[in-house]
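Below is one structure; the comments refer to it alone.
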Amino acid sequence: GRSIVGSAELFGRGQRVITGGNARLSVFQRPHPIYIASGTGVNIVDVDGNNYLDFLNNFTALIHGHSFRPVLDRLHHQLELGISFSGPTKLEVEFAELLCRRVSYFDQIRFMNSGTEAVMYTIKAARALTGKLKIAKLEGAFHGGYGPIEVSLDSAPANWGPRSAPNAVPYCEGTPEWYTADTVVLPFNELGATREILEGNKDKLAAVIIDVLPQRAGLVPIDRSYLAFLREFTARHGIVLISDEVMSFRLSYHGAISRFGFEADLCAFAKIIGGGLPIGAVGGPSQFMLAFDPTNGKPLVPQSGTFSANPMSMAAGIAALESLSEQSFQRFDDLGEHACSSLTEMFRRERLPYSVTGMGSMFRIHLRPEAPKDYREAHAAPEQQEKMGMLIRALQERGVIVSPTCQLCLSTPMFTDHIDEMVTSVREAAQMVEAARLE
Ligand code: PMP
């Protein structure tokens, strides 16, 4: 077995000075998280010297894995020139040019420091531009920590309400009722019920916010016909269609919604576009981006940020994206397909009651025999959550890192061999979990 005493000790120290022991909920783990010392390519090494294959890549942000040479070189160069200034740099112009070239419907872009901020500014812009208040979101989709959108995710089934008309359930205790009163929740991929809800709210809706591959809602791709309806409905009623591509920008060189053949009005980016450094961005056609424009007086939505467009994040982002070609995405599709079919085939062969969802470089293992279709089906009951925790720890012991919901993602230095190794580890871990439960 692997020794993780160093991690246990750091967690003990952390518990005295950091609430909960470590400073980020998403990486909290019982009995304690693994503390990382370094990473190279597909591998990370923990403080006890154990090696892992990283299938989480800082929650999908590190598309090139760890210590990617072009990013490091750019960062070293920029480090000597200056880390941040109270003025713009050439890098932000170059980076904006790059992104607007790739995402064909973008005229302009602005930068922030996180996906949470990016989503927040798209919502503020939609409300300011339309003069309306309501926002609609897909049930179960995660869009970061901005209050009005932090609704109906990981809530107890007793609070869900009818499938065809989901309740807006606040995620955070202490949320005032008025804060989420204008948030409307749509049943994912259910066209009839969604049409009815939107019809009832159309005059008050500022925005419909979607993720074409919502991770927490099961990592199930949006139906084309459902997306076509949302695009047409929002355009017809003067509602801003926001695409949250914080994670799903991984799907395509030209943007996630573009992969489905559509364009958004405003789009939120983060994660991979920062090359591993903190970043957020909002882009879109100029008639929507003008919400942020200060050239004719105070903008509708003042957007700033001490570290927004800082040259380190710009430099890392440019290097990361310049090393991602259209062929890189084709390769992700092929490798991702191989991963999903290998896992599915293995579960069938070994009679393991598990299933897989996903698209492109992202996939998720579910502890149910049939792949879920939405948030409600993907939701893990307490007993399942316990089993999921066991599976994740068993994978860790075999040297494979996945997310707390058993989401996995690829990085460019990965090859078929890494995937096959992961599939073997999942088989062993799952068999161990199932055997333990029979005892
Ligand atoms: N939107 C989506 C779809 C996300 O996956 C995340 C982060 N996992 C966010 C928004 C928030 O991004 P950040 O963590 O950078 O604030």
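Quick notes on this structure:
- With respect to the stated conditions, residue 155 is more than 16 Å from the ligand (Cβ to nearest atom), assigned to a loop (DSSP other than H, G, I, E, B) and either without any contact (Cβ under 8 Å) to a residue 12 or more places away in the chain or under 22 Å from the mean Cα position of the chain (by Cα) (or both).
- When residues of the stretch 19-70 are limited to those that are part of a helix (DSSP H, G or I) and either under 21 Å from the mean Cα position of the chain (by Cα) or within 30 Å of residue 172 (Cα to Cα) (or both), the one nearest to the ligand (Cβ to nearest atom): 26
A quick yes/no check of all residues on (1) over 26 Å from residue 68 (Cβ atoms); (2) assigned to a helix (DSSP H, G or I); (3) polar (S, T, N, Q); (4) under 23 Å from the mean Cα position of the chain (by Cα):
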{"site": "389", "(1), (2), (3), (4)": "yes, yes, no, yes"}
{"site": "395", "(1), (2), (3), (4)": "no, yes, no, yes"}
{"site": "404", "(1), (2), (3), (4)": "no, no, no, yes"}
{"site": "412", "(1), (2), (3), (4)": "no, no, yes, yes"}
{"site": "421", "(1), (2), (3), (4)": "no, yes, no, no"}
{"site": "428", "(1), (2), (3), (4)": "yes, yes, no, no"}
{"site": "431", "(1), (2), (3), (4)": "yes, yes, yes, no"}
{"site": "437", "(1), (2), (3), (4)": "yes, yes, no, no"}
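- First in the stretch 57-77 and under 15 Å from residue 321 (Cβ atoms) and of a type in the set (A, V, I, L, M, F, W, C), second anywhere and assigned to a helix (DSSP H, G or I) and within 14 Å of the ligand (Cβ to nearest atom), Cβ under 7 Å, 6 or more apart: 61/271; 61/272; 61/274; 63/250; 63/272
- The stretch 166-244 holds helices (runs of 4 or more DSSP H) entirely within its bounds, and those carrying 2 or more residues that are surrounded by 16 or more Cβ atoms within 10 Å (Cβ to Cβ) and of a type in the set (Val, Ile, Thr) map to 191-201.
- Some residue of the stretch 222-236 being in contact (Cβ under 8 Å) with a residue 12 or more places away in the chain and within 15 Å of the ligand (Cβ to nearest atom): yes
- Unique match (being in a strand (DSSP E or B), under 30 Å from residue 287 (Cα atoms) and in contact (Cβ under 8 Å) with a residue 60 or more places away in the chain) among 95, 111: 111
- Residue in the stretch 208-220 that is more than 30 Å from residue 57 (Cα to Cα), at pLDDT 95 or above and of a type in the set (Gly, Ala, Ser) present: no
- Answer residue from the stretch 273-305, given it is farther than 19 Å from residue 206 by Cα and β-branched (Val, Ile, Thr) and is farthest from the ligand (Cβ to nearest atom) among those: 295
- Residue match in the stretch 79-88 (condition: surrounded by 12 or more Cβ atoms within 10 Å (Cβ to Cβ), without any contact (Cβ under 8 Å) to a residue 24 or more places away in the chain and away from the ligand (no atom under 16 Å from the Cβ)): no
The values are calculated or read from the model by the stated rules, or taken from the named source; none is laboratory data. As the structure is a computational prediction, the values presented were derived from the model and not from experiment. Glycine gets a Cβ as well: all are built from the backbone with ideal geometry, and neighbour counts include every protein chain shown.
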